[in-house]
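The values are calculated or read from the model by the stated rules, or taken from the named source; none is laboratory data. Because the structure is predicted, anything quoted here is derived from the model rather than measured. Please note: Cβ atoms are built from the backbone with ideal geometry, for glycine as well, and neighbour counts cover all protein chains shown.
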Amino acid sequence: MSVIGPALGVAAGLAGAGAAAGLLTPERGRTTVVGGCTAGAGVAGLVAGVAALGGVRWAVEFPGLLPLAGVRLAVDALSGLFMAVAGAVVAAVALYGIGYAKGHGGHGAGSRGAQAVLPLFALTLLLVPAAASVSTFLVLWELMALASLLLVLAEHRERSSVREAGVWYAVMTHLGFVLLLIGLVWLAASAGGEDFAALRADANDVPAPVRGTVFVLLAAGFSSKAGAVPLHAWLPRAHPEAPSHVSALMSAAMVNLGIYGIVRAGFDLLGGGPLWWWLGLIAIGAVSAVYGILQAAMASDLKQLLAYSTSENMGLALIGVGAAGLFSASGDGAVAGLALAAALLHVVNHSAFKALLFCAAGSVLRATGLRDLDRLGGLRARMPATAGLFALGALGAVALPPGNGFISEWLLLQSLIHGLTVPGVTPAIVLPLAVAVIALSAGLAAAVFVKALGVGFFARARDERAAKASESPASMLAGMGLLAAACAGLALLPGMLGSGLDRAVTAAGLAGRGAVSGGGTQLRLEAISASLWPLWVVLALTAAVAVAAGLPRLIGAQRRRTKARLWDCGGGAPTPRMAYTATSFAEPLQRVFDDVLAPEQDVNVTPVRESAYLVERVRYQRRVPDRLEHRLYEPVLGALSQVGRRARRLASGSVHLYLGYGFFALVALLAVLVVGW
């Protein structure tokens, strides 16, 4: 008997119990009960996902649950991978959320509404990958969007910016839903059935123009959920304004489902496609990776920085998915499987370190009430555990050993480099550019997280609240500890995922079994006859650092040392105002990428009243707006506002006019029906 069905049943039961507890439990024990139920649902989802990665398949149908169509669920290795990731993130973040929401009392994240919705949101994250029909998928997708929207708005009474972020998120997520609705319904109508099995079987019978249009619609809809540029505008708004444990769930679990949808639709349901599909996907991924990390480099809001970093990492995953499609369309199934495995592994790694980083940022926010890096500092001494955990997550984000992000980006680079053997002019041009994009994004990511860690934790405190911060409660540290353990495990023992990744790639419909294999400390790439031993890399780096740090001390111990006061140039002891801020740290990068970022600067000089030649005060302000949003969304919003203002003339208040509208609309509808008949 399959363990997947009972595990999902347990997850649904615990989520329902958690939602009821959120509404009915008194404030004193509400967060503990809800957090425990949500964490239990996450563990059950993790069990189901791991079973699917082990080769177990499961399917069930509930004919009467939805009118006309019913509900169909099916779990294979591909859906199991995303289910396992979501379950692990939900379990750790729910434990963290107990202490985080308790600090808000009965308001915001600790309110009855937010606590009731949280377990339901977690359940949708587990069930969306299990959907096996168009109607089931769309219903679960919309429930996930609505639940996340309610959680984003949880603190709307505390900050007016939350409401604006909620509007942006609602509009963008439902725009994506409309694209998915049109694409999936069109595909179902062309294939003659809405069941995923029927779509899979009849994909080759769908006309090529229809398949291409459907792929574009679905890729755009799923990319908007993944935060890919230019449909990313909601992400740097919603993630900072949502409660931090909700931000962790959205960035480490929900955005993954955008990648899942593209893989499921492009490879499995549509059966692959021509080169232009995948070249477009690589282009979107490359722009997202570079633009996202550039915006992160300029951001001084810690949570906004992490949100833009999510766009960068989802862009890298899209490059891997696009490269897999490119290699598959060119006939190299082995390298295609390696590229897709690298993309999926990067999704897993990103979930681990990004959930940890958002939780650490929430820990800072809870202790100080601040998100502005220009005002933080001194937290290494006041919050040593949080500082260490943030450093571990940052190590994964910069894709350097021994961080877990290094493994997946190394795999991705290996697939792109060995894909150069694919014949044709297009791969010869596109693949080196993709390699350059990955290298550039990795270098910028290092600068971003050096800024976040150095300015926010190691610099001197610039605000009294940061100087008086205290460490987070045990439940928050325990949740972050689980995520840190996941980062360490993925960094040191990635070979344990080899067989599961291979099954997920096969379930997606790609050839080339055994693209990634291994066990324990070894990761083997059968397609290119290469291997990696991450544990030995870590041990070698540790030994090198120990020697580099210990040798000067050993030599210096034989010399006589004289202590002297540091020369201060007559300026007195250093103050926090003399240290680098996040803004000043990023200025050299801003100068390099000035044409891309287009910063706005303003200098306001106030002269002394008695003389125009003496200056009383100089005020300098610099702002780096989202240029794509400025050039793309603001004109559209302006045009819509103008149309809305003109449309008000139609609502004059005259009943006769409204009856005329109804009459002409009815005549037009009848004319359309007659012509169609």
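One table, with the values for the structure above:
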{"item": "Gly644, sole failed condition from (1) outside any loop (DSSP other than H, G, I, E, B); (2) surrounded by 10 or more Cβ atoms within 10 Å (Cβ to Cβ)", "result": "(2)"}
{"item": "Residue in the range 41-55 that is more than 24 Å from the chain's Cα centre (by Cα) and among the aliphatic types (A, V, I, L, M) present", "result": "yes"}
{"item": "Single condition Leu637 does not satisfy, out of (1) exposed (fewer than 10 other Cβ atoms within 10 Å of the Cβ); (2) closer than 30 Å to Pro230 by Cα", "result": "(1)"}
{"item": "Matching entry among Val603, Val636 (being at pLDDT 80 or above, assigned to a strand (DSSP E or B) and either aliphatic (A, V, I, L, M) or closer than 19 Å to Val167 by Cβ (or both))", "result": "Val603"}
{"item": "All positions within the range 640-677 that are over 30 Å from Val229 (Cβ atoms) and either in contact with a strand residue (DSSP E or B) (Cβ under 9 Å, 6 or more places away or on another chain) or among the β-branched types (Val, Ile, Thr) (or both)", "result": "Val655, Val667, Val672, Val674, Val675"}
{"item": "Meets criteria (out of contact with any Ser or Thr (no Cβ under 9 Å at 6 or more places or on another chain), over 18 Å from Cys359 (Cβ atoms), of a type in the set (A, V, I, L, M) and surrounded by fewer than 20 Cβ atoms within 10 Å (Cβ to Cβ)) for Ala59", "result": "yes"}
{"item": "Members of the range 203-218 that are over 26 Å from the mean Cα position of the chain (by Cα) and crowded, with 17+ Cβ neighbours inside 10 Å", "result": "Ala203, Val206, Arg211"}
{"item": "Filtered residue count, the range 298-319, keeping only those that are surrounded by fewer than 24 Cβ atoms within 10 Å (Cβ to Cβ), assigned to a helix (DSSP H, G or I) and either touching a Leu at 6+ places or on another chain (Cβ under 8 Å) or among the aliphatic types (A, V, I, L, M) (or both)", "result": "1"}
{"item": "Unmet requirement for Val516, which otherwise passes all of (1) out of contact with any Lys or Arg (no Cβ under 8 Å at 6 or more places or on another chain); (2) modelled with pLDDT under 80", "result": "(1)"}
{"item": "Tally of residues being farther than 22 Å from Val43 by Cα, small (Gly, Ala, Ser) and more than 25 Å from the chain's Cα centre (by Cα) across the range 458-508", "result": "6"}
{"item": "Hits in the range 647-658 - residues which are over 46 Å from the mean Cα position of the chain (by Cα), in a helix (DSSP H, G or I) and exposed (fewer than 10 other Cβ atoms within 10 Å of the Cβ)", "result": "Val655, His656"}
{"item": "Helices (runs of 4 or more DSSP H) contained in the range 1-112 and holding at least 3 residues out of contact with any helix residue (DSSP H, G or I) (no Cβ under 6 Å at 6 or more places or on another chain) and closer than 21 Å to Val139 by Cα", "result": "4-24"}
{"item": "Verdict on Gly42 being in contact (Cβ under 8 Å) with a residue 24 or more places away in the chain, buried (at least 20 other Cβ atoms within 10 Å of the Cβ), out of contact with any Cys (no Cβ under 6 Å at 6 or more places or on another chain) and closer than 28 Å to Gly108 by Cα", "result": "yes"}
{"item": "Leu628 more than 19 Å from Pro236 (Cβ to Cβ), outside the structural domain of Tyr291 (by TED's automatic domain parsing) and of a type in the set (A, V, I, L, M, F, W, C)", "result": "no"}
